[in-house]
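The values are calculated or read from the model by the stated rules, or taken from the named source; none is laboratory data. Everything numeric in this text was worked out from a predicted model, so none of it was measured. Quick reminder, even Gly has a Cβ in these numbers, built from the backbone with ideal geometry, and neighbours come from all protein chains shown.
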Amino acid sequence: MPALSIRQKIPLLIVSPILAAVALITGFGYLYGQRAVDKLAQQITLKSTNAITSHLHSYLDQPHQVLEINHAAIISGQLDPSNPEALRQFGFELVSRGPRDYFYGTENGDFVGIEPYTDGELVYWQRDETTAPNAEIYRLDEQGNPTRLQETTPFDPRQRPWYQKAVEVGQPTWSDIYLYANRPILAIGAVFPYYNAAQDLQGVFLIDLTLSDISEFLQD
């Protein structure tokens, strides 16, 4: 192979380091550029995750805030938890304005509650010594008064996972995920055990959220 002349070597001697430098700079540029892109992606992901988490916490705080208001109403004497009719009316007005439902089960097995039925209309749950071991579910009129019996179902609040969780923890908390008593719906409950002045457990208040409700909220 013929040797390269000086005229041919000089351009190579000049261009080769430049090409090497360009390649090196390009390589470092890509490397650091990729790192910058990865870092930016991580920051965006973190911000999105934090935003979703904050949004979800705000949503999940609402049931407990309502139960705190409920407890304050009891302490102030505005609400008598031993009066089923008072609880029904209070729950009806509450659910009409905000939370999905409102329930109260007692240590002797009584139970009252307001929730939307399968068609979205509000119904009233009632269980006492006259209906045990069943609960009766009534349709409500526009004023929250029971009109006709819609359904009868075997039910004891003390056997429900949300009630047992509240008793176990002894303070406001979230229950584990459970299945509705009369429908194939998964939910999680905000629970608030209620104690009298002597610190004897009287019952447990519940506002629950279905998993489908939470999913829809996150998609909004």
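Can you run down the residue pairs with Cβ atoms below 6 Å, 6 or more apart or on separate chains, where the first is in the stretch 53-80 and surrounded by fewer than 16 Cβ atoms within 10 Å (Cβ to Cβ) and in a loop (DSSP other than H, G, I, E, B) and the partner is at pLDDT 95 or above and of a type outside the set (K, R)?
Correct list of pairs: D80/A86.
Here are the criteria: (1) surrounded by 15 or more Cβ atoms within 10 Å (Cβ to Cβ); (2) part of a strand (DSSP E or B). Tell me which single one T147 does not satisfy.
It fails just one condition, (1).
Going by what's in this entry, would L122 be described as farther than 19 Å from F205 by Cα and either β-branched (V, I, T) or buried (at least 18 other Cβ atoms within 10 Å of the Cβ) (or both)?
When the stated conditions are applied, L122 does not pass them.
Kindly provide the set of residues from the stretch 93-109 that are surrounded by 20 or more Cβ atoms within 10 Å (Cβ to Cβ) and either free of Cβ contacts under 8 Å to residues at least 60 places away in the same chain or assigned to a strand (DSSP E or B) (or both), ordered by number.
V95, Y102, F103, Y104, G105, T106
Residues that are surrounded by 11 or more Cβ atoms within 10 Å (Cβ to Cβ), touching a residue at least 60 places away in the same chain (Cβ under 8 Å) and within 14 Å of Q62 (Cα to Cα): does the stretch 196-203 have at least one?
No, because not a single residue in the stretch 196-203 is surrounded by 11 or more Cβ atoms within 10 Å (Cβ to Cβ), touching a residue at least 60 places away in the same chain (Cβ under 8 Å) and within 14 Å of Q62 (Cα to Cα).
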